[in-house]
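The values are calculated or read from the model by the stated rules, or taken from the named source; none is laboratory data. Worth saying up front: this structure is predicted, and the values here are computed from it rather than measured. No Cβ is skipped: glycine too gets one built from the backbone with ideal geometry, and neighbour counts run over all protein chains shown.
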Amino acid sequence: MCNLPHSPAADHHKAPILAQLQAIVGERGTAPGAGGGVLVNDGPYFESSGPAAAGNLALDQSLRARDPAWGIRRVEDVVQVAGDRGLVLGRRIAMPANNLMLAFWHG
């Protein structure tokens with residue numbers, strides 16, 4: 001089992017998208033993948049290529065009711081913001097419970 005420290009990025013669906021990516025890659029845009037590593041983020045995401053799961057829609061609605069800046073992110077938006085910081089989406093892996101794992105590395 002892998003014990004990774006908790007990061008603010010782990011709560012990505014609760015943060016505005018720019019705050020989410022800043023937590024992941026740093027305010028100066030220095031990505032963990034810049035040294036040849038891989039940045040992995042998992043959780044619920046929306047994709048334009050298919051319908052959203054009912055549970056993800058309910059979670060998104062609940063989060064946005066608490067704070068309009070919160071909510072489940074669209075994969076395409078996260079990829080765009082990450083790309084602006086030099087990261088490339090290398091893998092998209094479907095996970096249990098309608099979650100996705102996104103793996104980025106420095107482009």
When you check GLY71 against the structure, is it over 13 Å from the mean Cα position of the chain (by Cα), surrounded by 12 or more Cβ atoms within 10 Å (Cβ to Cβ) and not in a helix (DSSP H, G or I), yes or no? no
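Please enumerate the residues belonging to region 79-107 that are touching a Phe, Trp or Tyr at 6+ places or on another chain (Cβ under 7 Å) and at pLDDT below 90.
Once the filter is applied, which keeps residues that are touching a Phe, Trp or Tyr at 6+ places or on another chain (Cβ under 7 Å) and at pLDDT below 90, region 79-107 yields ALA82, LEU87.
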Give the residue that is nearest to ALA82 (Cα to Cα), with candidates limited to residues of region 27-56 that are modelled with pLDDT under 90 and of a type in the set (A, V, I, L, M, F, W, C). ALA31
